[in-house]
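Below is one structure, written out as structure tokens; comments come after it.
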Amino acid sequence: MVFDIRGRRRHVVKFVYAILAILMAASLFLVTGTINVGSIFGSGSSGESAATSFEKQAEKIEVKLVKAPEDEDLLANLTRARINAANSMITNGEGESQDGAEEIKHQLALASEGWSRYVDAASEPSAGLAIQVAPALFTLAQNSTSGQEALESVKAATEAEQIVAEKRKDLNSWSTLAFYALFTQNYKLAEEAKKEAIKLANTKFERESFENQYDEYEKNAKEFGKQLKIEKASKASQGAGGKESLENPIPGFGSPSLGG
């Protein structure tokens, strides 16, 4: 992992990273299993990595998009290719180095751009694509350069998860949406998703477990909101010649299973 937790920032880093690690775990409700990309590309005669193969795939799609910039299928495939490239890099441990972490962030940022273009072009966004996008955008939030930038990525992840929840209508998707929404500071949406999740709980134990998790995440989300206000105030102070503003307290990558 690549961390910068020198001086006063180390406590903020540890605290907010812990919060977002919890949120990341929540997103794993959606994961139905990892794809062994090595089995697809690892035995190729060219010897190139799976990540490189996905990058080349994305580049070819981008060429096609020059002539058809609003093609839904091309934009969906572009987004998947960028996410798959990033996931392959994470699986291979490339996030352990500074250069690798930057390249993973770059691929995720390109995936975010592709997703935004896709949503604008699609008549009805695919839940199958959104289920891949949501955790990918959360990973991007972890690697943002400021708290506000991180918040924007979490908001985008929440929007993608909302598509999943509304299409699939199951406990996992609604509970994950509730957790995501809390960290966007949208407590109204979080409560609405919470109510839907409770309706879908099959047992008393399942319902109580979810409610306990929700209460804990809500506390953490409010603390995260305080950190965002601190950053905003610090930036304002910096503009007036005050102290340097807080940097984004979200360090590199938490787990190779991210986006799985």
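Among the candidates 110, 129, 151, the residue that is more than 25 Å from residue 192 (Cβ to Cβ), touching a residue at least 40 places away in the same chain (Cβ under 8 Å) and among the hydrophobic types (A, V, I, L, M, F, W, C) is uniquely 110.
Quick one: how many residues across segment 163-178 are within 19 Å of residue 83 (Cα to Cα) and out of contact with any Ser or Thr (no Cβ under 7 Å at 6 or more places or on another chain)?
Kept after step one, since they are within 19 Å of residue 83 (Cα to Cα), are these residues of segment 163-178: 163-164.
Still in the running and out of contact with any Ser or Thr (no Cβ under 7 Å at 6 or more places or on another chain): 163.
Here the count works out to 1.
Of note, residue 70 does not satisfy the criterion of being in a helix (DSSP H, G or I), surrounded by fewer than 21 Cβ atoms within 10 Å (Cβ to Cβ) and more than 18 Å from the chain's Cα centre (by Cα). Pairs linking a residue in segment 59-74 that is under 18 Å from residue 111 (Cβ atoms) and modelled with pLDDT of 95 or more to a residue that is of a type in the set (Ser, Thr, Tyr) and in a helix (DSSP H, G or I), with Cβ atoms under 7 Å and 6 or more positions apart or on different chains, are 72/118.
Of the set (1) basic (Lys, Arg); (2) touching a helix residue (DSSP H, G or I) at 6+ places or on another chain (Cβ under 6 Å); (3) surrounded by fewer than 16 Cβ atoms within 10 Å (Cβ to Cβ), all apply to residue 229 but (2).
Looking only at residues that are among the basic types (Lys, Arg) and under 19 Å from residue 134 (Cα atoms) in segment 158-217, which one is surrounded by the fewest Cβ atoms within 10 Å (Cβ to Cβ)?
Start the filter on segment 158-217 by keeping residues that are among the basic types (Lys, Arg), which leaves 167-169, 188, 194-195, 199, 204, 207.
Going one step further and asking which of them are under 19 Å from residue 134 (Cα atoms), we end up with 167-169, 194.
On the way: 167: 16, 168: 16, 169: 12, 194: 22.
That would be 169.
From the residues in segment 97-115 that are polar (S, T, N, Q) and at pLDDT 95 or above, which one is surrounded by the fewest Cβ atoms within 10 Å (Cβ to Cβ)? Spell out the reasoning first.
Taking segment 97-115 as the starting set, the residues that turn out to be polar (S, T, N, Q) are 97-98, 107, 112.
Within this subset, residues satisfying the condition of being at pLDDT 95 or above are 107, 112.
Working: 107: 26, 112: 22.
Restricting to residues being polar (S, T, N, Q) and at pLDDT 95 or above, the top hit is 112.
Of the residues making up segment 75-93, one or more are among the small types (Gly, Ala, Ser), at positive phi and open to solvent by 10 Å² or more (accessible area, probe 1.4 Å).
The values are calculated or read from the model by the stated rules, or taken from the named source; none is laboratory data. Bear in mind the structure is a predicted one, so any value in this text is a computation, not a measurement. Because the Cβ atoms are built from the backbone with ideal geometry, glycine has one as well, and the counts that use them run over all protein chains shown. The protein model used for the area step is the full one, side chains on, heavy atoms only, and it has no ligands, DNA or RNA in it. Shrake-Rupley method; radii C 1.70, N 1.55, O 1.52, S 1.80 Å.
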